[in-house]
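First up is the structure itself, then whatever we jot down about it.
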Amino acid sequence: MSEARPYVVLSCAMSLDGYLDDASDERLVLSNREDLDRVDGMRAGCDAILVGANTIRRDNPRLMVRAPEHRERRAERGLPPPAKVAILGHGDIDPQSRFFTHGDAQKIVYCATKTARRNHVRLGGRAEVVDGGDPVGAGFVLADLAGRGVRRLLVEGGGTVHTMFLTAGLVDELQLVIAPFFVGDGRAPRFVGDGHFPWHPGHRATMVDVRQMDDVVLLRYALSDRFEAS
C-alpha cells in the first residue's frame, strides 16, 4: 500500500445483527456516552472526517469535534478543525444540511463526473466540489486528500462508503462497536453490502483489542501493515 495516502481508520457502531440503523425516520442510538466521548477524541486526532451522502441525508451529522478540551488542544497545536469530507456520487444533498452549516472547518465534496457541474452550482458557496470520476473511487479520494495534507482520515459511514473502502483494501484500522440488541429489519442499512473483501476465511483480519464500555463492546482490527498500535 502506498505510504502517500492517509492513514485510514474506519469507525462505526452496529447492532448484533449488523445494522447501522433501523428503518424508521428516527435515528437509532447504537452507542453510549463513553463511546461517543471516545469517538470525539478520535475525531480530534484526525485531519479529516469522511461520510457518504446517505449518512448526511439520514443522520444530518455536524461532523465536529464536540468537547471544548479537544478543540482547545488542536488550537494550541495550531491545527484547524478536521476537514469535513463527503462522497456524493450521482445524487444530491441539501446545502442546508448541518455538514455545511455548522462549524468553520474546510468542506470537500467528491461528486461523480456527471453531477459535478450541477453540484458545483448548488454547493459551491458552502464546499469545494471535486470531480471524482465516474464512479467516485476511494483511491482517487485518498490521493486527493493526501495532496491537501491529510495524513489521518476517519471514515464514519455509511454502509456504501464502508464497502467502497474495505473492498478496495484501503482501510488500515477498523474500530467496530457492537450494541447489545437486534434490529431484525431487512429494510434497514447494514454495516457493509455485497463485495469481494480482502479478509475472508483464508485471510482472517487481525484483532488487536477488545474493550467493554458499559453495555457496548469495541472490537479493534488491524487491516494493513500500516496499523498504528497507539
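The values are calculated or read from the model by the stated rules, or taken from the named source; none is laboratory data. If you're wondering where the values come from, they're calculated on a predicted model, not measured in any experiment. Please note: Cβ atoms are built from the backbone with ideal geometry, for glycine as well, and neighbour counts cover all protein chains shown. Accessible surface is based on the protein model in full, side chains and every heavy atom, while ligands, DNA and RNA are left aside. Shrake-Rupley method; radii C 1.70, N 1.55, O 1.52, S 1.80 Å.
Of note:
- Selection count where residues are part of a loop (DSSP other than H, G, I, E, B) and in contact (Cβ under 8 Å) with a residue 40 or more places away in the chain, scope region 10-33: 12
- Tallying residues that are open to solvent by less than 40 Å² (accessible area, probe 1.4 Å) and not hydroxyl-bearing (S, T, Y) within region 29-58 yields 18.
- Qualifying residue in region 86-94 (condition: farther than 23 Å from G132 by Cα, touching a residue at least 12 places away in the same chain (Cβ under 8 Å) and surrounded by 16 or more Cβ atoms within 10 Å (Cβ to Cβ)): no
- The set of residues from region 194-230 being open to solvent by 80 Å² or more (accessible area, probe 1.4 Å) and closer than 17 Å to A168 by Cβ comprises D194, H196, H200, H203, D225.
- Number of the exception - G186 against (1) at pLDDT 95 or above; (2) closer than 25 Å to D35 by Cβ: (2)
- Residues that are open to solvent by less than 20 Å² (accessible area, probe 1.4 Å) and either in a loop (DSSP other than H, G, I, E, B) or in contact with a strand residue (DSSP E or B) (Cβ under 6 Å, 6 or more places away or on another chain) (or both) were ranked within region 68-85; the one that is nearest to N119 (Cα to Cα) is V85.
- In summary, helices (runs of 4 or more DSSP H) completely within region 111-230 and bearing 3 or more residues that are touching a residue at least 12 places away in the same chain (Cβ under 8 Å) and touching a helix residue (DSSP H, G or I) at 6+ places or on another chain (Cβ under 7 Å) occur at 159-167.
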